[in-house]
Amino acid sequence: MSIGTSNDTIVSSIIMDKLKIIGACLLLPVMTNAAQPITNNLAGLYDKTIVPTALEPIFCIKNVDTGILTPWEYGKTLTPTDYSGRQYYYGGEVRIGGCDGSDIYMGWLDNNGYQPNDGAHILIVDGVASMTALSGKIGYKVIGESNLSPNARVDANWMTGFNLSGLEFSTMPNDSVIPNLSTEDQLKKDKTVNPNSDLQATQQFLTDGANTVRVPVRWAYMQPELQFDQEGNLVKGTDTFDEGYFDNLVMPTLSALTSQKYNVILDLHSYMHYSRVGTQVAGCGGPDGKCPDGKLINNSAPFVNIWSTMLSQIRKNAKAIDESHLLFDIVNEPSNDPGENQLSAQNVFDMELAVIQKLESMNFKGSYLVEGVQWSGLHGWEENGNDTVFTRDAFVKAGFSNDVIDRIIINVHQYLDTQFSGTEDSCQQDLTTTGTNGFNLDAFIAYLKKNNLKAMVTEFGVGKDQASCSAPLTSFLDYMKKNAYIEGQGGFVGWTVWSTGHGWGEYNLRVIPGDWKDTIIKNHYK
């Protein structure tokens, strides 16, 4: 009998009592094909011809006996059973960037199917790992609805709370760190606590009295195809926007919070830079070693585009958001790497002004947070020239009415360690210091009063040294409360501590419900 003979020919030529033998023989082609070479066609989030720096998924074939992982890169052809240790089986981890434990984990895929992490929202769609194919594509799944309790301080002019971080992390979108307030995802399939859920911690902060949440987002994850010339002028990409990323991963957090009347600060966490997907990070510490990483963009057009696009996308969403509860933080910590052209306070002001003018033309009903040059540090606000550029007169000359100016908030950051950077565990003790290395708190308040402007400290924090940090943290919170905004006189309208979010792990500035930092902070929410 020939294995290549068709079923119809076989059945017609062999008597019925031989059918079992024939059925067994028909399995042989599958077994024979088990050893054939296969090309890895498991595609990533982005078209490589458009986003050439994006990282593709790697299939890490696991040897059943030794546990050794063999990288199988996209587009590479090999015989997977040569590495699996089994003749008719192969399986492995799907990761982004490599097969180390530090590389982004996308789940397990083998002949029996795909097993993503519990509550995964960046995952493989239509994944196949058979004896003849390895295929599929990474895509998005929407984060589900939340059962957060309503805000008890809806009308409070004192906006206090925390940063919920994670959407700005990594060189590629990383499912394991994305903020997740979904009710269905707070427990794993085995009913134990899902470590990738932020619902319980966030609810506790809100129950304790927080009414404001700052949500940092990374520019390049929403517009991954932007291209700039040497002068930082945009030459390609404003017609692209990753609606799948925004609608499935960003909007659910905005909706969950604003639907319960909490204030949400949407923070474009870019440092006035565009950092490429796959090779750079939003901030410092990326592979390039730059701080900030990416390309300095000091003209307004790209920022106008991304903010007008985000507002349009928010309004397109099926669940309308009350814009009065939105605050747009136009750019996080504008600064330049020492190897770049100097970025001035006027550069930053002009860019932010253009964004506000555009959003006002779109009838945005929320508030604006504007940051100053050189990381927007409170202690260096005057030294860096922000005090002479960000003035009430400058906003008036730009054509803004008092009603609009009242919705513009000066946004500063202030860490309490010796470098004002948040990188140390210990804290300075004296917050009354002045000059180049001082806190300059009174000088900043004098600036606000002179210009009758509002301010928020949307990033501040302390390290792990409770002994040296408890007193200054308390003093700083007391200082902001003592200098709260008074109409016609200027002052603080609130703050958001840095930072919460499950993706931080053991990060020294992380705040966790019930820890010593939280105990101090929650006494100052109201």
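Residues of the range 78-97 that are modelled with pLDDT of 95 or more and within 27 Å of the chain's Cα centre (by Cα): GLU93, VAL94, ARG95, ILE96.
The numbered conditions (1) under 24 Å from THR171 (Cβ atoms); (2) in contact with a strand residue (DSSP E or B) (Cβ under 9 Å, 6 or more places away or on another chain); (3) modelled with pLDDT under 95 are all true for ALA301 except (1).
Each residue in the range 481-509 was checked for being more than 22 Å from ASN263 (Cα to Cα), among the hydrophobic types (A, V, I, L, M, F, W, C) and free of Cβ contacts under 8 Å to residues at least 12 places away in the same chain, and 0 of them qualify. Within the range 62-88, track down each residue that is part of a loop (DSSP other than H, G, I, E, B), among the hydroxyl-bearing types (Ser, Thr, Tyr) and under 15 Å from ALA129 (Cα atoms). Scanning the range 62-88 gives TYR74, THR79, TYR88. Picking from residues in the range 208-231 that are aliphatic (A, V, I, L, M) and in a loop (DSSP other than H, G, I, E, B), the one that is nearest to PRO252 (Cα to Cα) is ALA210.
Of the numbered criteria (1) free of Cβ contacts under 8 Å to residues at least 40 places away in the same chain; (2) assigned to a loop (DSSP other than H, G, I, E, B), the one ILE512 fails is (1).
Among the residues of the range 232-256, those identified as of a type in the set (A, V, I, L, M) and either more than 30 Å from ASN147 (Cα to Cα) or in a loop (DSSP other than H, G, I, E, B) (or both) are LEU234, VAL235. Residues in the range 89-101 that are of a type in the set (Asp, Glu), assigned to a loop (DSSP other than H, G, I, E, B) and touching a residue at least 24 places away in the same chain (Cβ under 8 Å): there are none. Under the condition of being more than 17 Å from MET456 (Cβ to Cβ) and either among the basic types (Lys, Arg) or within 27 Å of the chain's Cα centre (by Cα) (or both), the residues counted in the range 393-415 number 1.
Could you tell me which of the residues TYR74, TYR114 is touching a residue at least 12 places away in the same chain (Cβ under 8 Å), aromatic (Phe, Trp, Tyr), surrounded by fewer than 21 Cβ atoms within 10 Å (Cβ to Cβ) and farther than 23 Å from VAL177 by Cα?
Unique residue meeting the criteria: TYR74.
Once the range 122-147 is narrowed to residues that are under 12 Å from ASP185 (Cβ atoms) and in contact with a helix residue (DSSP H, G or I) (Cβ under 6 Å, 6 or more places away or on another chain), the residue that is surrounded by the fewest Cβ atoms within 10 Å (Cβ to Cβ) is VAL142. Here LYS48 fulfils each of the conditions (1) more than 30 Å from ASN211 (Cα to Cα); (2) part of a loop (DSSP other than H, G, I, E, B); (3) modelled with pLDDT of 95 or more apart from (3).
Give the number of residues within the range 388-409 that are hydroxyl-bearing (Ser, Thr, Tyr), closer than 17 Å to GLN489 by Cβ and part of a helix (DSSP H, G or I). Even if it seems obvious, please write down each step before you answer.
Of the range 388-409, the ones hydroxyl-bearing (Ser, Thr, Tyr) are 388, 391, 401.
Now narrow it down to the ones that are closer than 17 Å to GLN489 by Cβ: 391.
Still in the list and also part of a helix (DSSP H, G or I): none.
The number of residues fulfilling the criteria is 0.
Suppose we keep only residues that are among the small types (Gly, Ala, Ser) and in contact with a helix residue (DSSP H, G or I) (Cβ under 8 Å, 6 or more places away or on another chain) within the range 346-375. Which one would you say is surrounded by the most Cβ atoms within 10 Å (Cβ to Cβ)? Once the filter is applied, the top-ranked residue is GLY372.
Let's see how each residue does on (1) hydrophobic (A, V, I, L, M, F, W, C); (2) within 29 Å of PHE492 (Cβ to Cβ); (3) free of Cβ contacts under 8 Å to residues at least 24 places away in the same chain:
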residue	(1), (2), (3)
ARG153	no, yes, no
THR160	no, yes, no
ASN180	no, no, no
ALA210	yes, yes, no
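Across the range 305-322, the qualifying residues are those that are assigned to a helix (DSSP H, G or I) and surrounded by fewer than 18 Cβ atoms within 10 Å (Cβ to Cβ), and the one among them that is nearest to the chain's Cα centre (by Cα) is GLN313. Give me the pairs, please: first residue somewhere in the range 356-384 and under 19 Å from ASN263 (Cα atoms) and in the same structural domain as SER312 (by TED's automatic domain parsing), second residue anywhere and in a loop (DSSP other than H, G, I, E, B) and hydrophobic (A, V, I, L, M, F, W, C), beta-carbon distance under 7 Å, and either six or more positions apart or on two chains. As it stands, the answer is TYR368/ILE330; LEU369/ILE330; VAL370/ILE330; VAL370/PHE390; GLU371/VAL331, since those pairs meet every condition given.
For (1) in the same structural domain as GLN489 (by TED's automatic domain parsing); (2) at pLDDT 95 or above; (3) in contact with a helix residue (DSSP H, G or I) (Cβ under 8 Å, 6 or more places away or on another chain), each residue gets a yes or a no:
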position: SER421; (1), (2), (3): yes, no, no
position: LEU431; (1), (2), (3): yes, yes, yes
position: LEU441; (1), (2), (3): yes, yes, yes
position: LYS450; (1), (2), (3): yes, yes, no
position: LYS454; (1), (2), (3): yes, yes, yes
position: VAL457; (1), (2), (3): yes, yes, yes
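Conditions tested, residue by residue: (1) of a type in the set (A, V, I, L, M, F, W, C); (2) under 24 Å from GLN36 (Cα atoms).
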position	(1), (2)
GLY101	no, no
VAL128	yes, yes
LEU164	yes, no
ASP175	no, no
ILE178	yes, no
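Considering (1) modelled with pLDDT of 95 or more; (2) surrounded by 15 or more Cβ atoms within 10 Å (Cβ to Cβ), say which one ASN402 fails and leave the rest. Exception for ASN402: condition (2). Each residue in the range 470-493 was checked for being outside any helix (DSSP H, G or I) and touching a strand residue (DSSP E or B) at 6+ places or on another chain (Cβ under 8 Å), and 7 pass. Scanning the range 492-526 for residues being surrounded by fewer than 15 Cβ atoms within 10 Å (Cβ to Cβ) and of a type outside the set (Lys, Arg) gives a total of 7.
The values are calculated or read from the model by the stated rules, or taken from the named source; none is laboratory data. Quick caveat, the model's predicted, so the values are computed rather than measured. Cβ sites come from the backbone with ideal geometry, for glycine too, and all protein chains shown count toward neighbours.
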